[in-house]
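The values are calculated or read from the model by the stated rules, or taken from the named source; none is laboratory data. What you see is a predicted model, and the numbers here were worked out from it, not measured in a lab. Cβ atoms come from the backbone with ideal geometry, glycine included; neighbour counts cover every protein chain shown. Heads up: the accessible areas ignore ligands, DNA and RNA and are worked out on the full protein's heavy atoms, side chains in. Shrake-Rupley method; radii C 1.70, N 1.55, O 1.52, S 1.80 Å.
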Amino acid sequence: MKRLLMSCAAAAAGAGLLAAAAFAGPTFDEQGRIVIPENMDRWPTVGATYALQYEGDGGMTLNTVRLDPASYDAYAATGTFPVGAILQLEVRLPVEEMAPAKGGKTQGAIVGRSLHVKDEKGGPGTWTFYGFGPGAKTGNAIPRSQACYACHDEHAGKTDTVFMQFYPALAEARARVAQASAAGQ
Ligand code: HEC
């Protein structure tokens with residue numbers, strides 16, 4: 001792990017991206033559980049969806065996807081997720097009739113959270129999902145036999161198994177990088 005972190009830091013420094021702050025990346029305990037990063041609420045939001053239905057009867061939920069800040073900066077500069085990137089999916093129930101609103105819905109209680117991490121535990125470039133309950137300090141890796149991997153591979157395989165079609169700001173950043181490199185900058 002240390003080697004992974006050091007190589008991330010070296011790659012980032014080499015690209016001149018993160019002069020001020022070394023890229024922290026994920027950390028794991030002896031059992032291979034991921035240590036849940038603190039302050040994920042402060043991470044940049046890259047996606048917000050309402051009532052997206054894809055896992056059977058998921059109910060009406062408001063989902064927020066956040067990306068760790070160092071990886072956000074790296075992605076905006078290169079159009080690629082660095083090794084160590086962590087995306088968090090937060091699923092909340094909708095709440096109605098919150099005064100003074102006369103209609104519409106807003107975020108209520110959290111009903112699920114998970115992480116998608118480019119940790120290369122399954123080989124170069126691979127990502128792992130981790131689930132964790134409320135207040136948990138660590139999260140367990142979700143086995144690769146679970147449906148999570150198949151759906152992300154099938155419908156987001158061309159974008160590093162990350163659902164870029166739902167993250168417009170990141171897609172726009174990637175397009176800017178592609179445009180700049182096509183223009184030879
Ligand atoms: C049938 C398709 C499907 C399955 C199965 C699925 N997902 Fe996803 N996942 C999505 C879609 C679509 C999004 C887009 C964001 C949203 O939900 O608002 C997403 C987004 C995510 C994200 C945000 C980062 C990213 O990669 O885009 C995480 C984390 C995530 N899913 C975890 C899981 C986990 C954990 C499981 C299994 C328990 C799972 N997903 C199963 C379709 C799927």
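Taking amide H atoms as placed 1.01 Å from N in the peptide plane, the amide H of Val46 lies under 5 Å from those of Val65, Arg66, Leu67, each 5 or more residues away in sequence or on another chain. Probing with 1.4 Å while keeping every protein chain in the model, the per residue accessible area of the chain equals 58 Å².
A crude spin-label estimate for the pair Lys137 and Ala178, with each label 7 Å from Cα along the Cβ direction, gives 4.4 nm. Considering only alpha-carbon pairs that sit under 8 angstrom and 6 or more positions apart, the relative contact order computed for the chain is 18 percent. The listed peptides 110-117, 132-139, 32-39, ordered by packing as a protection proxy, come out as 110-117, 32-39, 132-139 (highest mean of other Cβ atoms within 10 Å first). For Thr138, the amide hydrogen comes within under 5 Å of the amide hydrogens of Ile36, counting only partners 5 or more places away or on other chains and with H modelled in the peptide plane. Here the peptides 59-68, 44-53, 160-169 are ranked by packing, the mean other Cβ count within 10 Å, and the order with the highest first is 59-68, 160-169, 44-53. Projecting label points 7 angstrom from Cα along Cα→Cβ for Ala169 and Glu96 puts them 3.0 nm apart. For the stretch 117-131, the Karplus equation 6.51 cos²θ - 1.76 cosθ + 1.60, evaluated at θ = phi - 60°, returns couplings of 10, 7, 9, 6, 6, x, x, x, x, 7, 10, 10, 8, 10, x Hz by residue, with Gly and Pro reported as x. Roughly to the nearest percent, how much of the accessible area of the chain is carbon and sulfur, given a 1.4 Å probe? Carbon with sulfur: 56 percent of the solvent-accessible area. Under 5 Å from the amide H of Thr61 lie the amide H atoms of Ala51, Leu52, each residue being 5 or more positions distant or on a separate chain, with H modelled from the backbone and absent for Pro and chain starts.
Electrostatic bookkeeping for Ala24 treats Lys and Arg as +1 and Asp and Glu as -1; over the other residues with beta carbon under 12 Å from its beta carbon, the sum is -2.
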